[in-house]
1. Looking only at region A:202-239, how many residues end up being within 30 Å of A:L128 (Cα to Cα) and small (G, A, S)?
2. Name the single residue that is nearest to ligand 1 (Cβ to nearest atom) among those in region A:103-118 being within 20 Å of B:I268 (Cβ to Cβ) and either facing chain B (nearest Cβ under 7 Å) or in a helix (DSSP H, G or I) (or both).
3. Answer yes or no: is there a residue in region A:83-102 that is at the interface with chain B (Cβ under 7 Å from one of its Cβ atoms), among the polar types (S, T, N, Q) and farther than 22 Å from A:E260 by Cβ.
4. Looking only at residues in region A:133-147 that are touching a residue at least 24 places away in the same chain (Cβ under 8 Å) and in contact with a strand residue (DSSP E or B) (Cβ under 8 Å, 6 or more places away or on another chain), which one is nearest to ligand 1 (Cβ to nearest atom)?
5. List the number of the failed condition for A:G71; all other conditions in (1) out of contact with any Pro (no Cβ under 9 Å at 6 or more places or on another chain); (2) away from chain B (no Cβ under 14 Å); (3) under 12 Å from A:G50 (Cβ atoms); (4) small (G, A, S) hold.
6. Within region B:367-396, which residues are surrounded by fewer than 24 Cβ atoms within 10 Å (Cβ to Cβ) and hydroxyl-bearing (S, T, Y)?
Amino acid sequence: MAMQFVKGPLDTNHNPTWCPGCGDFGIWMSLKNALLELKIPPHKVLIVYGIGCSGNMTNFVGTYGWHSLHGRSVPTAVGAKLANKDLTVIVVAGDGDGLGEGMGHFIHAVRGNADITYIMHDNKVYGLTVGQAAPTAIKGYKSKSTPEGIIEVNANAPSLAIAAGCTFVSKGFSGRVSHLQGLIKQAIQHRGFSLVDVYQPCVTFNKVNNFPFYNQRIYDLQQENHDTSNRLKAFEKALEWGDRIPTGIFYKDESRPPYEDHLPQEQGQPLVVRPMKKRSLSHLIEEFI
Amino acid sequence: MLTTANGKIRLQTLMDEQDHVKKFSWKIGGEAGFGIKSAGMSFAKCCYRSGYHVFDNTEYPSLIRGGHNTYQVTVSSHPVHSVDEHIDILVALNKETVDKHQHEMTEGSAIIYDGDEFQPDVVFFRDKKITLLHVPFKKLSLEACGTEIMRNTVAMGATMALIKLPSSFMEDIMKEVFSHKPAVIESNIKAVRLGYSFIEEHYRDADTDFKVSLSVREKGHRMYVGGNEAQAIGAIAAGCNFYSGYPMTPSSSILHYMASKAVSEGIIFKHAEDEIAVLNMALGASLVGARAMVGTSGGGFSLMVETLGLAGITETPVVIVNCQRPGPATGMPTWTDQGDLRFILHAAQGEFPRIVMAPGDIEECFYLTVEAFNLADRYQMPVILLSDKTLGEGVGTVPIFDEKKVVIDRGAFIEDGKVPKDYKRYQVTENGVSPRTFPGMEGGIFCGNSDEHDEYGYSNEESLNRIDQVNKRARKLEYAAKFLESASVNLIGPEDADITLVCWGSPKGVIVDALDELPLRVRKRFRVLQIVVLWPFPSERVKSILEASKRVILIENNSEAQLAGLIRQMTGFDIREKILKYDGRSFFADEVAQKLIRLKCL
Ligand SMILES: Cc1ncc(C[n+]2csc(CCOP(=O)(O)OP(=O)(O)O)c2C)c(N)n1
Ligand code: SF4
């Protein structure tokens, strides 16, 4: 079913191909609105997408884009950011992509704290490959790949991020677009690695964690005087799952400089803007004489 | 030709007509942790500074402590690209060194050892007229610094005295090596001098069969550098400003060098979490306009494979060095092999263009790396440089790299502010190359897409678009092939030679050395066809050369004769005679000669 959209400044000539009602729409709108509100010109933005329904967003956002490999978007974003620190670099990927194949990259990028924003689509399934359990699936979840119910306990991106030293950890819900938009804005403004993990109902394959499920349970940490500088408390909140499910900012640390600030060669103009002149070799050759 | 005691052929004569040393080999051996490599490199550098050409090879197991390590230096009065199979001076820091290498000793050679520690088996050596020189390494080391740690340094001093080079060359090197630790310079110099004077006092060359003695010559316009470092310097010369890596022997010294120069040369260096991240980071950097390189060995390259295809479909320039070691899997980490050729040519699913080149000596390591960056940018595709442990960890003397020969060509890209309306990053063009923009440029927005895409980069699975894009990418390779044609092979030797020896990569240096040692009238019967560009394969050139050859012999450091297979596939020419070696060691010039004798070529 083709839907028609009114074209906004960050749209392309391609209409979204997601299932009607998919949680990806909410993330898409929030991301575009956040960029517009921050007044970042689209050519100064590079979004690196994973492979999945989530990654298909590559065709629907009119900034520079890179549709990466399954699981590999984070290191690509790190490389791009280090080479041109003036760009706003954002990663959009699924939970299968980011916590399955991409788990190692995620944790290591958190350790490095390069200034990128990671928007992870938590739908607890592999949408694009028709509904197998993702690493985020809740224990016992039945899917095509786990017909008897998944044995593993779920991977939880915010708690992993906090444990690994992430400097901005948050969770949104694609059913609350303006809240999510606010999170994305703050994440982009944060200097360092920022995680915006998003409950994104896959209306086609996940019949458990759907919109009503979250609507009944979520609350906003920022409405409850949560102390975002308390890492242990943040960890506790990140693990909260049941009748009440927290969203908002779990943890924020503005004291740790991003990766690129540590590099003397990164100071001044971005690397790629400097003219690429022939380097003199004599001082290097000197060491081999 | 001389024959050694074990009946093997030795091509070289030790002395020339004027009784000067032509070529000799020196080897030091001991346990890992004895400072074998640093001692070896110091000795080689002394010979280089004394005006000689050298080539080094180090053999070591994949261990940090213990295990048998050696460092060999072949010293020559003319250019040399490989180490010799035979040893004229053996410095044995333990008995195992003597036991393991006595069969390599030549008639009239010498062994320097510490007689307080062990006694070599004298009977064997008397037969071969080998001079045994006891130098109390341990005692003199204790005298120099209070511990045994400078046994290798004492041995260096002893060697210098034995071949009659001034001690000052070695003392200068100690000052340089320890410039960051001035406190130990004096004791190291003392150790050198103690070893030196021990030989001067206890050894009379007239009494022995050992004849190697060097006189200091004009140094010449040369440098002493390793293959991996040559590649790293080539990258820096080419303007490389992004290097990501993950350590893997024998490629790690590229990583070490780039890391050490990152701050001073303005290079982003990233030690990534794995090789998958390594190549993806490099693509991210290249996407935004950096000149990116990565280096690894076969195992790491295996992890990069899917991403190689991503570079292909997104048309993103990147330079990848694969410094080969014997596989599969972990294989033999510290040894050499040429077993990755077919893998590199076909790595990754689907069809996409790539350029694969192989340097044949240290000098080519430098110049080909520079060229690799230009090719990657010009044709917007991955360029893979295939070297191996022999070259990468090999260190030798080469003419000083000429920065005047370095050209930076970034290929087709649009300058900021000049992006045309309705810009299409993947525009279908005649030669397949479409000018790039870089994120940050106004009006240049595109999507670098892992999915098949249209001219803007957006996902597109239409039949006609697919065909257009596949053909566009393929045309780039045809375009590149035309440009690469002239430099795709090296043909060394007379056109009317009876025998054409075909090779790629490091065996080239060995073959050139082997032929150099032959008398002119014999040498004239050979020529060498070195294939430098392995992909796009220079089919026409190779075919016409081979068809015009009277006899063709392939020399390759692998068991499957992969180049022969490739040649047959691309030209229909079937090379029947093959000299293959796949024990993890590189060929020796003498060995190549011996094999040629067996094939009745000599
Ligand atoms: C290396 C590799 N393995 C498997 C796939 C197939 N694949 C494509 S998308 C996907 C899972 C997508 O799930 P997720 O990342 O959660 O994204 P979603 O579709 O749910 O947004 C898989 C397994 C692939 N493209 N590449
Ligand atoms: S399959 Fe699920 S995640 Fe994918 S588009 Fe449909 S609803 Fe969204």
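The values are calculated or read from the model by the stated rules, or taken from the named source; none is laboratory data. Predicted model, so just to flag it, every value in this text is computed and none were measured. Please note: Cβ atoms are built from the backbone with ideal geometry, for glycine as well, and neighbour counts cover all protein chains shown.
1. 1
2. The extreme case among them is A:H105.
3. The initial filter retains those residues of region A:83-102 that are at the interface with chain B (Cβ under 7 Å from one of its Cβ atoms), namely A:83-84, A:86-87.
Restricting the remaining residues to those that are among the polar types (S, T, N, Q) gives A:84.
If we keep only those that are farther than 22 Å from A:E260 by Cβ too, we end up with none.
So far as region A:83-102 goes, no, none of its residues is at the interface with chain B (Cβ under 7 Å from one of its Cβ atoms), among the polar types (S, T, N, Q) and farther than 22 Å from A:E260 by Cβ.
4. Going residue by residue through region A:133-147, those that are touching a residue at least 24 places away in the same chain (Cβ under 8 Å) are A:134-136, A:138, A:141, A:143.
Next, from what is left, pick out any that are in contact with a strand residue (DSSP E or B) (Cβ under 8 Å, 6 or more places away or on another chain): A:134, A:136, A:141, A:143.
Numbers: A:A134: 5, A:T136: 8, A:Y141: 13, A:S143: 12 Å.
Going through the qualifying residues, I end up with A:A134.
5. (2)
6. Correct list: B:Y367 only.
One line per residue, one yes/no per condition, for (1) assigned to a loop (DSSP other than H, G, I, E, B); (2) assigned by TED's automatic domain parsing to the domain that holds B:V135:
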residue: B:M160; (1), (2): no, yes
residue: B:E171; (1), (2): no, yes
residue: B:H180; (1), (2): yes, yes
residue: B:L214; (1), (2): yes, yes
residue: B:S244; (1), (2): no, no
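Here is a yes/no grid of residues against (1) acidic (D, E); (2) in contact with a Lys or Arg (Cβ under 9 Å, 6 or more places away or on another chain); (3) within 19 Å of A:G131 (Cα to Cα):
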site: A:F25; (1), (2), (3): no, no, yes
site: A:A34; (1), (2), (3): no, yes, no
site: A:L46; (1), (2), (3): no, yes, no
site: A:G55; (1), (2), (3): no, no, yes
site: A:T58; (1), (2), (3): no, no, no
site: A:T63; (1), (2), (3): no, yes, no
